[in-house]
Structures are given as structure tokens and as C-alpha cells.
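To keep things clear, I will list the structure first and then write my remarks on it.
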Amino acid sequence: MEEIYKYIEEHQTPQSEALDWVEKQTHIRTNHARMLSGSVQGQFMRMLVQMTGARRILELGTFTGYSAICLASALPGNGHLDTLELNDELEDLILEGFERAGLSDRISLHIGDCKETLRRLREDMGSEPADDMLYDIVYMDANKREYCEYYDLVFDMVRPGGLILADNVLWDGKVCQNPLPQDKQTLGIARFNDMIRDDRRVESVILPLRDGLNIIRKKL
């Protein structure tokens, strides 16, 4: 599988110099480089933004900013991305990456608890937000134990026909094990996958891309 993934990377559009820098700095300055979306998933999401014509994107879980750069780089000139991150120690690295990518004016970084920030953003929208205030795409890659809560909070913030992308939904294959592991992360992901399957307001498909990407479309 590793050889196939390497082959795919070598036969797709190469990542930008800014993404090269973020990837290198992530390996040097953090102990969790495995959390990077990576060039294949990053390029896929970038093309998804282009294909859907998205103008407003919300990201839950910035980490070092790799996926935010991928998503925001595909936005039109008037597009904007809000990205939420808990770890304030990563802020300098994230903002430098955005600057190197030339995207500082298209991305707003919100440092703090994800659920609290989401509630504030919902309040800012008002009870009946205009269509141009709703998000076209939401990308979820934060605390796996809280995916169901994130989903409930963001659902009304997404326009009809919009997408919710949920990362790591295969969780190293743990969600397929029988009996199911009882750690909180695995239980959270498994509960989320079941929740999406049973939600008649959406249609979805899980792609076995890296650790699993659930593409969820809000029905019109």
C-alpha cells in the first residue's frame, strides 16, 4: 500500500512550496506529523473546492495549516475560510504558512475550544442566516470523540447541497473490528458513522483515502 501511495504522489500535480514548508516544519516542530492530510488528500480536497465552486469554507482542526492552505488556495478571489484550532502553541507556525502561501487575507484562524467557537459563529449568523452567510463546505478533522456534536452544531450552518467532509472515519480499521474497541475515539467515530448512515437529510459515501474520508452532501 505504501508503494501505491508513493506512486500516486509521483503522478499527481505536485504540492506548492508553501505546503512543502508546512510539511517540513510539522515534522521538525511537532510530534504528530502523521496528522497531516498529505498531498493526495490535499489535492483531492483542493479539486473538490474547484468543482463545487465553493466560496465559504469552515474547517474544524487546523493543526499546522496544511489542509487549510489546500482548501483556501482553490477559493475564488472573494472566497473565505474560517479554521478552528485548540492548540495556541501552533499559532505562529500556522500563520507563517498562510503568509507563505499568500492566503492570509482569505483565512481567519480562530484559536480556542471548537464547540465554543462554533456556537459563537452560529450566533453571529443569526437565527435565519442569509444564503451568502452559509458555508459551502465544512471539513471536520478535530477531536474524534466529539464528531457527533460538531455535526449537530454545523449542520444548519451548511447550505442545502453543501458538503461536510469528515476525516479519519476508518480510524486505522478499528471501526471494523469485532468486538469494537472501547476507547473513546473509536466509539466516537463509530457512533458518528452510524449517525450519518441513518440521517435521511443527507447522502454520503466513505472513501478509503488515507484513514477514511466521509463525504456527506446535505440534500436540497
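Here are some notes:
- Just so you know, in the range 56-115 the residues that are farther than 25 Å from Val40 by Cβ and hydroxyl-bearing (Ser, Thr, Tyr) include one that is surrounded by the fewest Cβ atoms within 10 Å (Cβ to Cβ), and it is Ser108.
- Residues in the range 198-220 that are in a loop (DSSP other than H, G, I, E, B) and within 24 Å of Gly42 (Cα to Cα): Pro208, Leu209, Arg210, Asp211, Gly212.
- Cβ-Cβ under 6 Å pairs, at least 6 apart or on other chains, the range 148-162 side without any contact (Cβ under 8 Å) to a residue 40 or more places away in the chain, far side of a type outside the set (Phe, Trp, Tyr) and part of a helix (DSSP H, G or I): Leu153/Leu118
- Scan of the range 1-19 for residues that are assigned to a loop (DSSP other than H, G, I, E, B) and hydroxyl-bearing (Ser, Thr, Tyr), ordered by number: Thr13, Ser16
- In the set (1) at pLDDT 95 or above; (2) surrounded by 13 or more Cβ atoms within 10 Å (Cβ to Cβ), Thr30 fails one condition alone, (1).
- Residue list for the range 33-53, filter: surrounded by fewer than 20 Cβ atoms within 10 Å (Cβ to Cβ) and β-branched (Val, Ile, Thr): Val40, Thr52
- Evaluation of Leu60 against the conditions (1) more than 12 Å from the chain's Cα centre (by Cα); (2) under 23 Å from Ser108 (Cβ atoms) shows that the sole unmet condition is (1).
The values are calculated or read from the model by the stated rules, or taken from the named source; none is laboratory data. Since we're looking at a predicted model, the values are computed, not measured. Cβ coordinates were reconstructed from backbone atoms using ideal geometry, including for glycine residues, and neighbour counts include every protein chain displayed.
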